[in-house]
Amino acid sequence: MKLSVVIVNYNVTQLLRNCLLSLEKYIKDIDYEVVIIDNASPDSSWKELITEFPSYTFIDSPENEGFSKANNKAIKIVNGEYLLILNPDTELEGFYMKQVLDFADSKPDFGCLGLRMHDAKGQFLPESKRSVPDMFNSFEKLFTNFKKNNSKSYYRNDIGEFDIAEVEVVTGAFLLVKRDVYNRIGGLDDAYFMYGEDIDLCYTLLRNGYRNYYYGKESILHHKGESTIKDEVYLERFYGAMQIFISKYYRESKSLQYSFLNAGLKLRHKIEKIKLK
């Protein structure tokens, strides 16, 4: 089998249906499978999709253990040469999967790949191509808005929206990786409940000698944040994920960067909590 698509669902049945319909429509001439794991959604309507998509595998998780653990659980049962970690609030937009897989096959040190993403209004999502967080680009991300300049910043603005290029980080909303490579490097880190796990995975691939790619020639629709309520729980998970990352990679070997990033994260977290009140 060439491709295994793994989707973690939480409370977005209609968006998940649209995602699965796009897979059925656009993945052609490829031996593939789809595994959907529901992360204990309060809304059980997703079960209606089991009969609607009988060739796909559905897993009912008894509790919400987070994005990383759910993906790792589903990936244990798949068989594809490649894994496509895919958000349920995304939709493919063309017959390009074979072309994307051929591109991946052509790269001897292939790590992972992401596509150009846009939202429902057609706006390009700059997180489609990013740098690994460091002292300088994290300050930019936390306290400024340089999304539209042409610098090699947190959002890789030096790379064109429609380019194909090496990058450090792509998004977990659409992340293509070889299954044996994924397993070899340990997969998604279970320490992350939600957010940050894609950055960690991409960085781990780089640290193991692999190369990551942004494939701007093709796109996906991403209904960004449809399953996310922006409350204090969200803030704790988001900034907690960034704290896990900097503690894991910077605390011992890059103490100055760690101190700077740690202070910046705590300050930004406080600012965002004040905004909620």
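For the range 27-51, give me the residue count where each residue is within 30 Å of GLN99 (Cα to Cα) and surrounded by 12 or more Cβ atoms within 10 Å (Cβ to Cβ). Summing the residues that are within 30 Å of GLN99 (Cα to Cα) and surrounded by 12 or more Cβ atoms within 10 Å (Cβ to Cβ) in the range 27-51 gives 11.
Only a single criterion out of (1) under 24 Å from GLY209 (Cα atoms); (2) modelled with pLDDT of 95 or more; (3) hydrophobic (A, V, I, L, M, F, W, C); (4) surrounded by 15 or more Cβ atoms within 10 Å (Cβ to Cβ) is not satisfied by ALA165, namely (4). Contact map, the range 38-57: residues that are in contact (Cβ under 8 Å) with a residue 12 or more places away in the chain paired with residues that are among the aromatic types (Phe, Trp, Tyr), Cβ distance under 6 Å, separation 6+ or inter-chain. Pairs shown: ASP38/TRP46; ASN39/TYR10; SER41/TYR10. Restricting to the range 101-116, name every residue that is closer than 24 Å to ASP29 by Cβ and in contact with a strand residue (DSSP E or B) (Cβ under 6 Å, 6 or more places away or on another chain). Answer for the range 101-116, where residues must be closer than 24 Å to ASP29 by Cβ and in contact with a strand residue (DSSP E or B) (Cβ under 6 Å, 6 or more places away or on another chain): ALA104, CYS112, LEU113, GLY114, LEU115, ARG116. Taking the criterion of being within 25 Å of LYS98 (Cα to Cα) and surrounded by fewer than 15 Cβ atoms within 10 Å (Cβ to Cβ), the residues of the range 53-81 that qualify are PRO54, SER55, LYS76, ILE77, ASN79. Among the residues of the range 74-97, at least one is more than 14 Å from the chain's Cα centre (by Cα), in a helix (DSSP H, G or I) and more than 22 Å from LEU188 (Cα to Cα).
Just wondering, is there one or more residues in the range 101-112 that are surrounded by 16 or more Cβ atoms within 10 Å (Cβ to Cβ), at pLDDT below 95 and outside any strand (DSSP E or B)? No, because not a single residue in the range 101-112 is surrounded by 16 or more Cβ atoms within 10 Å (Cβ to Cβ), at pLDDT below 95 and outside any strand (DSSP E or B). You will find that of TYR239, TYR213, TYR258, TYR234, the residue that is modelled with pLDDT of 75 or more and either assigned to a helix (DSSP H, G or I) or of a type in the set (Ser, Thr, Tyr) (or both) is TYR213 and no other.
The values are calculated or read from the model by the stated rules, or taken from the named source; none is laboratory data. Source: prediction; values computed, not measured. Heads up, the Cβs are rebuilt from the backbone with ideal geometry, glycines too, and the neighbour counts pull from every protein chain shown.
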